[in-house]
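Undergrad: Following this message is one structure expressed as structure tokens.
The values are calculated or read from the model by the stated rules, or taken from the named source; none is laboratory data. Note that the coordinates shown come from a computational prediction; the quantities given were computed from them, not determined experimentally. Here Cβ is always computed from backbone atoms with ideal geometry, including for glycine, and neighbour counts include all displayed protein chains.
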Amino acid sequence: MIKKEYFLLMRRKKFLALVMLLPLILGIIFSTVPDLTRLESVDLIMCDFDNTTESLRVIKGIEQEFNLKLLEPQNPEQCLSNLQYLIKQDKYLIGIEIPKGFGWDLENMKQTQLRVYYDDSKFNLGMYVFLFVNQAIDEYKTELLTKGKNELKDKTSNLYDSTQEINSILVEIKKANLPFISDYVENLINSFNEFSSLISLIHNMDTRFLSNPIWVNTLGVYGNVNSLGVSFAIIFVILNLFTLFMITSTSVIRDKSQNYFVRLKTNKVFSIEYFFSKISVFTLLSFIQLIILFLVFLIQGSTFKINILVLFLSVLLITTLNSLIGISIGLVSNNETIAILLSLILTLPFLFLSGVFAPIDLFPKAIRFVAKLFPLSVEINLVSKSVLFKSGFKELSNSFNFLIDYVVGFLLFNSIIMRKK
């Protein structure tokens, strides 16, 4: 029985090759993509409105971790406006504002903040931005805490010395028993003034400074987008991908096994008509999935700003592309088992390189270039922008053109394969 299973497996050479190819592809992706500790390739833009020694030390720490560009902060509003605009245009991944009074707060042991801006339309990017900026200034924060601890010890030591001095002066006054004690009184007043200033410093100390002197305040350039809305776009696109790859490829295999292509050729039916028939049915299925998901997320409290026409065309284009890829899988597969395995081989890299698990912008440059060739991230961007920001065709023209090129390419590929079959 073992021998039989072995020879059966060896006869299925295409299946065997795909089984070996899948761990190879996933291994390469996992070993290269999630290297999220190397931030030198991440572009960061900054507005420094404080311009003090303390802010310069923060800039030095940031420069060691990021590729930093410092904007001229002559006009605060203009500087912040440019910073947010460049992030929205994907010119920079992160923007940092060092507010006025940053250094004064630290010198007076008060918690201050860095305002960190990022594109909150990108899924889970905020979490990474928060971690990485904290990582960049961690050494400086440790120095501040050490400095604060030492200064506090010095101040309390001085406070103790002052109380002892006051006590000695009072003892001397008592011993002197003189009507003219102005010198003693003057010393007493000076000591009490020092005592009062030390007490005031300790009283006004911000206790949050002792645990976290610099608060990294992450702010989305779109106003902190509803995370449920972003999840809606991601789930729909992934669901559409899985569904259409599987259903379309298996339906094509069924057509091949029933000699349906022969009947089409006999009746002089063009391949484009065959593709159109499948895309029409699966587009209807996709819109049903979209409506169900939309209602579920609406009930859960998600808010949407929808451009209906852009959303309609986005879903139509996404469904067309995924259906054509599914047709390609069915055309090159001998049976349903091969089709399902081939669908997995395509789907898993699509997922890992689409920004679903980790933002594409944090990948090494070479992997980032490859990732942007995959259509899934563009599909997510189309749906999210059309349901969350009411974006128009002009803003999304590059994404539409990218997917249209893919559609044309797979139409040509499938037509050629069908003629050979």
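Undergrad: Would you check if Gly392 is small (Gly, Ala, Ser), surrounded by fewer than 19 Cβ atoms within 10 Å (Cβ to Cβ), assigned by TED's automatic domain parsing to the domain that holds Ile279 and over 21 Å from Arg254 (Cα atoms)? Talk me through it step by step, then tell me what you get.
TA: Details: small (Gly, Ala, Ser): yes; surrounded by fewer than 19 Cβ atoms within 10 Å (Cβ to Cβ): yes; assigned by TED's automatic domain parsing to the domain that holds Ile279: yes; over 21 Å from Arg254 (Cα atoms): yes.
In short, yes.
Undergrad: Separate question: Do we find that Leu131 is in contact (Cβ under 8 Å) with a residue 12 or more places away in the chain, out of contact with any Ser or Thr (no Cβ under 7 Å at 6 or more places or on another chain) and among the aliphatic types (A, V, I, L, M) in this structure?
TA: No, not satisfied.
Undergrad: What are the residues in segment 361-377 that are in contact with a Lys or Arg (Cβ under 9 Å, 6 or more places away or on another chain) and surrounded by fewer than 21 Cβ atoms within 10 Å (Cβ to Cβ), if any? Please lay out each step first, then the result.
TA: Within segment 361-377, the first condition is being in contact with a Lys or Arg (Cβ under 9 Å, 6 or more places away or on another chain), and the residues that meet it are 361-362, 364.
Residue satisfying the conditions is Pro364 alone.
Undergrad: Do we find that Leu239 is among the hydrophobic types (A, V, I, L, M, F, W, C) and surrounded by fewer than 18 Cβ atoms within 10 Å (Cβ to Cβ) in this structure?
TA: So Leu239 passes the test.
Undergrad: Would you check which residues across segment 67-94 are under 23 Å from the mean Cα position of the chain (by Cα) and either farther than 17 Å from Ile360 by Cα or β-branched (Val, Ile, Thr) (or both) and list them? Outline the logic, then answer.
TA: At the first step, the residues of segment 67-94 found to be under 23 Å from the mean Cα position of the chain (by Cα) are 67-70, 80-94.
Matches in segment 67-94: Leu68, Lys69, Leu70, Leu80, Ser81, Asn82, Leu83, Gln84, Tyr85, Leu86, Ile87, Ile94.
Undergrad: Among the listed residues Ile340, Ile416, Ile329, Ile380, identify the single one that is over 18 Å from the mean Cα position of the chain (by Cα), crowded, with 19+ Cβ neighbours inside 10 Å and at negative phi.
TA: Of the residues listed, the single one that is over 18 Å from the mean Cα position of the chain (by Cα), crowded, with 19+ Cβ neighbours inside 10 Å and at negative phi is Ile329.
Undergrad: Next up: Just to be sure before I move on: is Leu264 in contact with a Phe, Trp or Tyr (Cβ under 8 Å, 6 or more places away or on another chain), in a helix (DSSP H, G or I), closer than 23 Å to Arg419 by Cβ and at pLDDT below 85 in the structure I sent?
TA: Taking the combined requirement at face value, the residue satisfies it.
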